[in-house]
Amino acid sequence: MATLMARATGRRKRSVAQVRLYDGTGTFSLNGKPLEAYFPIQAQQIRIMEPFRTVNLEGRYDVLAKLHGGGTTGQSDALRLAISRALVELDPDYRIPLKREGLLTRDSRKVERKKYGLRKARRAPQYTKR
């Protein structure tokens, strides 16, 4: 395998993506699977490739990533953030275009905890009049 260029971590909801970028041809290895097998939805693949497209580096680096937790949307957004952070680590000049596109912003929204006496976080038990 080629030399390690950069590494970074991205998070969203309960998902965590640990990414390593290598010099290469643009192949993805996500938990040992290619991008198309791990994320079969085209929209998610496009979102994941966005950081490379923003800085005109498509096909320049191989991505080796470990993903865990959450669902497919959370994992794809965590991977996107991790790739963006790794590119900034690679060259600090990439920070401005990535920041302008909103690719370095961490989405801090998480599921609100369930409160006692309620059915969900805010949903009260159904009221019966009679």
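If you check Val19 against the conditions, is it closer than 21 Å to Asp107 by Cβ, surrounded by 19 or more Cβ atoms within 10 Å (Cβ to Cβ) and over 14 Å from the mean Cα position of the chain (by Cα)? For Val19, the condition - closer than 21 Å to Asp107 by Cβ, surrounded by 19 or more Cβ atoms within 10 Å (Cβ to Cβ) and over 14 Å from the mean Cα position of the chain (by Cα) - is not met.
Residues checked against (1) modelled with pLDDT under 95; (2) out of contact with any helix residue (DSSP H, G or I) (no Cβ under 9 Å at 6 or more places or on another chain); (3) of a type in the set (D, E, K, R):
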{"residue": "Leu35", "(1), (2), (3)": "yes, no, no"}
{"residue": "Arg47", "(1), (2), (3)": "yes, no, yes"}
{"residue": "Arg60", "(1), (2), (3)": "yes, no, yes"}
{"residue": "His68", "(1), (2), (3)": "no, no, no"}
{"residue": "Leu79", "(1), (2), (3)": "no, no, no"}
{"residue": "Glu89", "(1), (2), (3)": "yes, yes, yes"}
{"residue": "Asp93", "(1), (2), (3)": "yes, yes, yes"}
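Tallying residues that are of a type in the set (Val, Ile, Thr) and either buried (at least 21 other Cβ atoms within 10 Å of the Cβ) or farther than 17 Å from Ala43 by Cβ (or both) within the stretch 58-91 yields 3.
Taking the stretch 55-89 as the range and being aliphatic (A, V, I, L, M) and assigned to a helix (DSSP H, G or I) as the test, the residues that pass are Ala78, Leu79, Leu81, Ala82, Ile83, Ala86, Leu87, Val88.
Residues in the stretch 100-116 that are in contact with a helix residue (DSSP H, G or I) (Cβ under 9 Å, 6 or more places away or on another chain) and basic (Lys, Arg) were compared, and the one that is farthest from Val55 (Cα to Cα) is Arg106. Residues of the stretch 38-63 that are over 13 Å from the mean Cα position of the chain (by Cα) and more than 15 Å from Thr73 (Cα to Cα): Phe52, Arg53, Thr54, Val55, Asn56, Leu57, Glu58, Gly59, Arg60, Tyr61, Asp62.
Identify the residue in the stretch 90-130 that is assigned to a loop (DSSP other than H, G, I, E, B) and among the hydrophobic types (A, V, I, L, M, F, W, C) and, among all such residues, is nearest to Ala8 (Cα to Cα). Here the residue is Leu104. Filtering the stretch 111-121 down to residues that are surrounded by fewer than 10 Cβ atoms within 10 Å (Cβ to Cβ), under 22 Å from Gly70 (Cα atoms) and not hydrophobic (A, V, I, L, M, F, W, C), which residue is nearest to the chain's Cα centre (by Cα)? Looking at the filtered set, the residue picked out is Glu112.
The values are calculated or read from the model by the stated rules, or taken from the named source; none is laboratory data. Fair warning: this is a prediction, and the values are worked out from it, not measured in the lab. For neighbour counting, all protein chains shown are included, and Cβ atoms are generated from backbone atoms with ideal geometry for every residue, glycine included.
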